[in-house]
Amino acid sequence: MAYKKITIDPITRLEGHGKIEIFLDDKGDVAHACIQIPELRGYERFAVGRLAEEMPRITETICGVCPTAHHTCSGKTLDDLYGVEPPAAARKIREFVYNAFMFEDHNLHFYFLGGPDFIVGPDAPKAERNILGVIGKVGIEIGKKVIDIRKRTRNIIQTMGGRVVHPVHCLPGGVSKPMTKEMQDEFKKTAEDSVEFAKFSLQAFADIVLANKTYVDLIVGDIYKHKTYYMGLVDDNNKVSFYDGLIRVVDPEGSIIGCGYNQVESKKTQRAHAEVIALEQATQKIGDWRLDGCSIYVTLEPCRMCMSLIQLSRLSSVIYAADSPRFGYQLDNMAISSVYKKDVLIKKGTCADEAQHVLKLFFQRKRKKKDECKKA
């Protein structure tokens with residue numbers, strides 16, 4: 001069969017290089033499709049033999065759009081390597097720079113990359129589906145605000161990060177420069193204006209996109225919708241945290257019915273395991289102890305007590321990262337078939353190395369802090 005080939009090369013509005021090829025059959029239906037990324041990264045090899053202190057400045061160059069994320073992550077890795085914690089002020093500066101990056105990066109996507117297809121319209125000529133088309137749609141004054149607010153938030157990264165693209169401020173246990181009172185006053189005004197501009201952008205999205213049934217049907221239709229779970233960091237109040245925090249997983253509908261961490265020591269009770277707390281929260285939220293169809297994600301293999309409660313709760317699956325050779329449920333070769341004749345799917349080893357590293361560092365710090373308290 002002879003196929004008709006459609007080639008999109010290069011793929012636009014992304015960082016890097018890509019090509020898509022679509023093959024149509026005699027009826028015009030898609031028979032095959034493939035994406036090619038004709039790039040050599042090779043960063044694992046670049047790192048071999050280099051000083052650890054150089055890595056925050058090397059790994060971030062893998063991308064020109066999100067280098068702050070790579071730089072910050074690499075900087076935190078150096079903290080772990082040296083066994084040091086940044087002082088409160090240094091941590092706040094790191095978080096501030098990262099939040100400024102997140103704001104300006106989302107502005108970039110909304111007005112320059114993804115937004116033009118919706119604000120200008122998917123049916124508009126492709127030559128108009130860009131930032132100039134957006135300015136034509138929202139007006140020249142709004143266009144000036146887009147450019148101004150992005151310039152000012154990027155100035156935060158430039159000032160505190162050393163460079164707006166590929167910053168250099170993260171050092172082992174801290175940052176490269178303090179924030180003066182004059183900087184604080186300027187950045188505070190930028191932050192206040194950024195919040196107001198974000199509110200305007202959300203309203204513009206509601207008015208132009210969400211109020212248009214054709215757009216909404218396109219977004220939520222099968223063509224563009226992909227159901228998946230999501231994982232990210234949250235703080236102690238369950239609010240999003242880009243720098244550090246607890247891991248939270250939500251379902252395709254964005255719901256999370258329970259979240260917990262080990263509180264045996266703080267609550268002085270044997271049952272305050274993370275799994276138990278999460279299961280109790282879930283039960284209270286849905287009003288039923290039967291958690292059919294739910295999954296639980298855990299960094300460490302559940303113990304026998306927790307696995308028994310998981311089975312009793314009728315969960316569908318357990319996904320955990322690292323094995324627990326001393327206390328895990330497998331130590332007793334415990335049967336995992338449910339008394340309710342419903343098997344619990346067990347999936348282990350997800351991000352196992354990363355979880356083991358994090359757990360090891362956590363307990364090292366706990367022991368170190370305990371020893372310091374004894375000496376004091």
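The values are calculated or read from the model by the stated rules, or taken from the named source; none is laboratory data. These numbers were taken from a predicted model, which means no experiment stands behind them. Using ideal geometry, Cβ is built from the backbone for each residue, glycine included, and neighbour counts are taken over all protein chains shown. Heads up: the accessible areas ignore ligands, DNA and RNA and are worked out on the full protein's heavy atoms, side chains in. Shrake-Rupley method; radii C 1.70, N 1.55, O 1.52, S 1.80 Å.
In the stretch 295-314, how many are within 14 Å of Leu359 (Cβ to Cβ) and in contact (Cβ under 8 Å) with a residue 40 or more places away in the chain?
3
Matching residues to (1) free of Cβ contacts under 8 Å to residues at least 24 places away in the same chain; (2) over 25 Å from Ala191 (Cα atoms):
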residue	(1), (2)
Glu53	no, yes
Pro56	no, yes
Cys63	no, yes
Thr68	no, no
Cys73	yes, no
Leu81	no, yes
Arg91	no, no
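Could we say that Ala69 is over 21 Å from Val175 (Cα atoms) and open to solvent by less than 80 Å² (accessible area, probe 1.4 Å) here?
So Ala69 fails the test.
Among Val264, Val276, Val249, which is modelled with pLDDT under 80, open to solvent by less than 60 Å² (accessible area, probe 1.4 Å) and under 21 Å from Gly328 (Cβ atoms)?
Val249
Taking the stretch 137-149 on its own, how many of its residues are exposed (fewer than 15 other Cβ atoms within 10 Å of the Cβ) and either outside any loop (DSSP other than H, G, I, E, B) or touching a Ser or Thr at 6+ places or on another chain (Cβ under 9 Å) (or both)?
5
Checking the structure you have, find out if any residue of the stretch 255-267 is under 17 Å from the mean Cα position of the chain (by Cα), at negative phi and of a type outside the set (A, V, I, L, M, F, W, C).
The answer is yes, given that some residue of the stretch 255-267 is under 17 Å from the mean Cα position of the chain (by Cα), at negative phi and of a type outside the set (A, V, I, L, M, F, W, C).
Out of everything in the stretch 166-189 that is assigned to a helix (DSSP H, G or I) and in contact (Cβ under 8 Å) with a residue 12 or more places away in the chain, what residue ends up being surrounded by the most Cβ atoms within 10 Å (Cβ to Cβ)?
Phe187
Restricting to strands (runs of 3 or more DSSP E) lying wholly in the stretch 1-80: which have 1 or more residues that are farther than 28 Å from Ala100 by Cβ, over 26 Å from the mean Cα position of the chain (by Cα) and among the hydroxyl-bearing types (Ser, Thr, Tyr)?
Hits in the stretch 1-80: 4-8.
Touching a His at 6+ places or on another chain (Cβ under 6 Å), acidic (Asp, Glu) and modelled with pLDDT under 95: is that true of Glu60 in this structure?
Answer is yes for this residue.
Only one of (1) surrounded by fewer than 19 Cβ atoms within 10 Å (Cβ to Cβ); (2) more than 22 Å from Gln184 (Cα to Cα) fails for Glu95. Which number is that?
It fails just one condition, (2).
Kindly evaluate Gln158 against the criterion of being open to solvent by 50 Å² or more (accessible area, probe 1.4 Å) and under 24 Å from Met55 (Cα atoms).
Yes.
Rundown of residues vs (1) within 30 Å of Gly173 (Cβ to Cβ); (2) open to solvent by less than 50 Å² (accessible area, probe 1.4 Å); (3) charged (D, E, K, R), yes/no style:
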{"position": "Gly83", "(1), (2), (3)": "yes, yes, no"}
{"position": "Ala89", "(1), (2), (3)": "yes, no, no"}
{"position": "Phe103", "(1), (2), (3)": "yes, yes, no"}
{"position": "Phe112", "(1), (2), (3)": "no, no, no"}
{"position": "Lys151", "(1), (2), (3)": "no, no, yes"}
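So, in the stretch 201-245, exactly how many residues are among the hydroxyl-bearing types (Ser, Thr, Tyr), modelled with pLDDT of 85 or more and touching a Phe, Trp or Tyr at 6+ places or on another chain (Cβ under 8 Å)?
Residues meeting the conditions: 2.
What pairs come up if the first residue lies in the stretch 266-290 and is closer than 18 Å to Leu300 by Cβ, the second is aliphatic (A, V, I, L, M) and open to solvent by less than 20 Å² (accessible area, probe 1.4 Å), and their beta carbons are under 7 Å apart, counting only those six or more places apart or on different chains?
What qualifies is Glu275/Ile296; Glu275/Ile310; Ala278/Ile296.
Do you know which residues across the stretch 190-225 are of a type in the set (Phe, Trp, Tyr) and either in contact (Cβ under 8 Å) with a residue 12 or more places away in the chain or assigned to a helix (DSSP H, G or I) (or both)?
Phe197, Phe200, Phe205, Tyr215 - these are the residues of the stretch 190-225 that are of a type in the set (Phe, Trp, Tyr) and either in contact (Cβ under 8 Å) with a residue 12 or more places away in the chain or assigned to a helix (DSSP H, G or I) (or both).
Provide a single number: the residues in the stretch 234-265 that are outside any strand (DSSP E or B) and aliphatic (A, V, I, L, M).
3
Please count how many residues of the stretch 320-357 are at pLDDT 75 or above, open to solvent by less than 100 Å² (accessible area, probe 1.4 Å) and within 19 Å of Ser308 (Cβ to Cβ).
7
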